[in-house]
Amino acid sequence: MRSGAFKIATIYTVAGLLWIALSDKILNWASGAMDVSFVLFISSIKGFAYVFLTGFILYRLILYYHSQLEESEKQYRSYFEANPSPMWIYNRRTFNFTAVNNAAIAKYGYTLDEFKSMTILDIRPKADIGKVHTVVKNLTNTYNDSGIWTHLKKDGTPIQVRITSHIITSGKEDHIMAMATDVTESENKKF
């Protein structure tokens with residue numbers, strides 16, 4: 001976004017300087033054959049024309065960069081939603097799910113609306129709740145491997161998952177993006 005803002009400001013500045021330099025030269029050249037009041041009128045018109053022209057150009061540039069930003073956001077959102085590993089984003093303070101990808105919906109059996117009405121504590125055994133609070137409190141702004149946890153699917157089936165996460169700051173509150181890798185079969189082979 002900064003790059004787009006810089007480009008818009010640069011284009012505006014260059015266009016303004018060129019307009020001033022060239023239009024004043026043309027007006028000065030043509031003023032010898034014109035009445036002074038007509039020259040002042042033309043000078044006012046060139047000012048209005050500059051404002052309208054640059055306003056239109058700025059409008060088009062802002063629309064262009066806004067559409068580029070929307071396209072980029074759509075692309076990154078698809079990386080999350082279509083990721084083959086179950087992923088979600090939750091509020092660090094409330095533990096509420098704020099986003100859940102399609103793989104998590106398929107793996108756990110909850111609908112998106114059900115997930116969004118739940119917290120991360122709702123997919124864990126009651127015995128793990130204290131440990132979850134401790135781990136979330138101690139997450140750092142780096143890659144976090146929280147180890148293997150038991151999660152519960154909607155039908156109550158327990159699965160073993162390795163949780164990796166990262167803090168993402170959006171607005172005033174921290175959110176956590178987490179990925180769950182099912183290791184149930186490899187954990188069962190250990191026994």
Next item on the list: Calculate, in nm to one decimal, what F56 and T150 gain on full extension: separation in residues at 0.36 nm each, minus their alpha carbon distance.
Entry: 28.1 nm
Item checked: R0 of 45 Å, Cβ-Cβ distance F6-R162: FRET efficiency to nearest 0.05 -> 0.60
Next item on the list: Mind giving me the nanometre distance, one decimal, between the label points for R92 and S117, set 7 Å out from Cα along Cα→Cβ?
Entry: 2.9 nm
Note to self: On a 22 Å Cα-Cα criterion, which of the cross-link pairs K74/K137; K126/K153; K7/K172; K131/K153; K107/K137; K131/K172 come out too long?
What the structure shows: K74/K137; K7/K172; K107/K137; K131/K172
Item checked: Gain upon complete extension [K25, Y65; 0.36 nm per residue less C-alpha separation] -> 11.1 nm
Check: Counting Lys and Arg as +1 and Asp and Glu as -1, each charge on the Cβ, what is the dipole of the chain about the Cα centre in debye, to the nearest 20?
Finding: 360 debye
Margin query: Quick check: the distance between the Cα centres of segment 65-135 and segment 154-176, to the nearest angstrom?
Written below: 6 Å
Item checked: Kyte-Doolittle mean at least -0.5, axial Cα span of 18 Å or more - DSSP H helices of the chain -> 2-30, 36-81
Next item on the list: Mind giving me the nanometre distance, one decimal, between the label points for S72 and N138, set 7 Å out from Cα along Cα→Cβ?
Entry: 3.7 nm
Next item on the list: Would you look at the GNM of the chain, springs on alpha carbons closer than 10 Å, and say which of I62, I20, I176 moves the most?
Entry: I20
Item checked: Nearby lysines by direct alpha-carbon distance to K46 (threshold 22 angstrom, same-chain neighbours under 8 apart not counted) -> K25
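Every read-out reported here was derived from the displayed coordinates using simple, explicitly stated rules and does not represent laboratory data. Because the structure is a prediction, the values reported are computed rather than measured. In this analysis, Cβ positions are derived from the backbone assuming ideal geometry, glycine residues included, and neighbour counts consider all displayed protein chains.
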